[in-house]
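The values are calculated or read from the model by the stated rules, or taken from the named source; none is laboratory data. The model shown is predicted, which means the values in this text are computed figures rather than measured ones. Reconstructed Cβ throughout: ideal geometry from the backbone, glycine too, with neighbour counts over all protein chains shown.
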């Protein structure tokens, strides 16, 4: 099936769009500051490790660090294991760090709810790599309890898809309508401060037309943080990953759309340039001489003999979009992604909420409370 030139042009931009087919992006990449710097730094993955390190330091000064026998900073999986199999003091120390982080996360959410775009938010989806751990799940749940006991009506829920896949699945909601008429899969890219992922997303519209059953068919992960490449090396590696994914999917008989959805940190300009917010990526991705969308199109100019369409948005927006089919009972919702940094985005559904009566007199999420 040939794709009309007009359709290709429209789908190539604008990038970072506010209005998407089923949802309005009311904000993203908000950079809120306080006296200590960027607010998001208080609820990043490294913030949790800082809390843990501070607790260990205090204990070492006044007795013995329960984790000293580990000999290094424990990984997320090791900390999860300590919760269930560790000695009582080891588990208690990890739980103390979880509590501190949960308090910080609740503080950050309060501040976000003061923003105009966030004030009507009814539910917050929490994703990112930190969510995919028991300590992350406990911190998210604890932050939700803290807010509820303070009178906030906001719901905090973990992202349904594995965080490694949510940033790919969400790209399906960036795709133009013509894709869903002739293809059963598409190409997606998720660029993060530590990793780059490229994969094939199966749309599975035969199981759910709202894309709630979409899933990652295959993916490749490259942890660029371990290699510290230049920007050019990182982009070249991404191109190789894309070509291999596209070739493998075609060989297996998937009807891959001539479309690549990209999630990338930062403020995305309509032409695909990155204004700011990509400081954790290798090299300068905000340079006026660099355009990621153009680079991707050059590396994969055709898919299935059709010109490739590339659409890019902020990575937190894309991860949030993976939850869109499950957010139809609310009107305003948001996403926070806890990883190298704290990604954020807020949304307003175009359709009226389903299966849930709106209470006009309900509390305003405690937005007038003081921290």
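A single member of 342, 281, 292 is within 22 Å of residue 120 (Cβ to Cβ) and in contact with a helix residue (DSSP H, G or I) (Cβ under 8 Å, 6 or more places away or on another chain), and it is 342.
So that you can scan it fast, the table gives a plain yes or no per residue for (1) within 24 Å of residue 263 (Cα to Cα); (2) surrounded by 16 or more Cβ atoms within 10 Å (Cβ to Cβ); (3) in contact with a helix residue (DSSP H, G or I) (Cβ under 7 Å, 6 or more places away or on another chain); (4) in contact (Cβ under 8 Å) with a residue 12 or more places away in the chain:
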position	(1), (2), (3), (4)
100	no, yes, yes, yes
109	yes, yes, yes, yes
118	yes, yes, yes, yes
139	no, yes, yes, yes
151	no, no, no, yes
163	yes, yes, yes, yes
171	yes, yes, yes, yes
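Checking the range 180-187 against the condition returns no match, with no residue being surrounded by 23 or more Cβ atoms within 10 Å (Cβ to Cβ), over 14 Å from the mean Cα position of the chain (by Cα) and under 18 Å from residue 326 (Cβ atoms).
Residue under question is residue 14, and the condition is that it be touching a residue at least 24 places away in the same chain (Cβ under 8 Å) and either part of a helix (DSSP H, G or I) or buried (at least 19 other Cβ atoms within 10 Å of the Cβ) (or both); does it hold? Spelling it out, it is not the case that residue 14 is touching a residue at least 24 places away in the same chain (Cβ under 8 Å) and either part of a helix (DSSP H, G or I) or buried (at least 19 other Cβ atoms within 10 Å of the Cβ) (or both). From the list 274, 268, exactly one residue is in contact (Cβ under 8 Å) with a residue 60 or more places away in the chain and either under 20 Å from residue 173 (Cβ atoms) or under 24 Å from the mean Cα position of the chain (by Cα) (or both). Which is it? Going through 274, 268 in turn, the sole match is 268. Scanning the range 35-53 for residues that are assigned to a strand (DSSP E or B) and modelled with pLDDT under 80 yields a single hit, 37. Of the numbered criteria (1) touching a residue at least 60 places away in the same chain (Cβ under 8 Å); (2) under 15 Å from residue 197 (Cβ atoms); (3) surrounded by fewer than 17 Cβ atoms within 10 Å (Cβ to Cβ), the one residue 261 fails is (3).
In the set (1) within 28 Å of residue 345 (Cα to Cα); (2) assigned to a helix (DSSP H, G or I), the condition left unmet by residue 219 is number (2). Among the candidates 244, 228, the residue that is surrounded by fewer than 16 Cβ atoms within 10 Å (Cβ to Cβ) and assigned to a helix (DSSP H, G or I) is uniquely 244.
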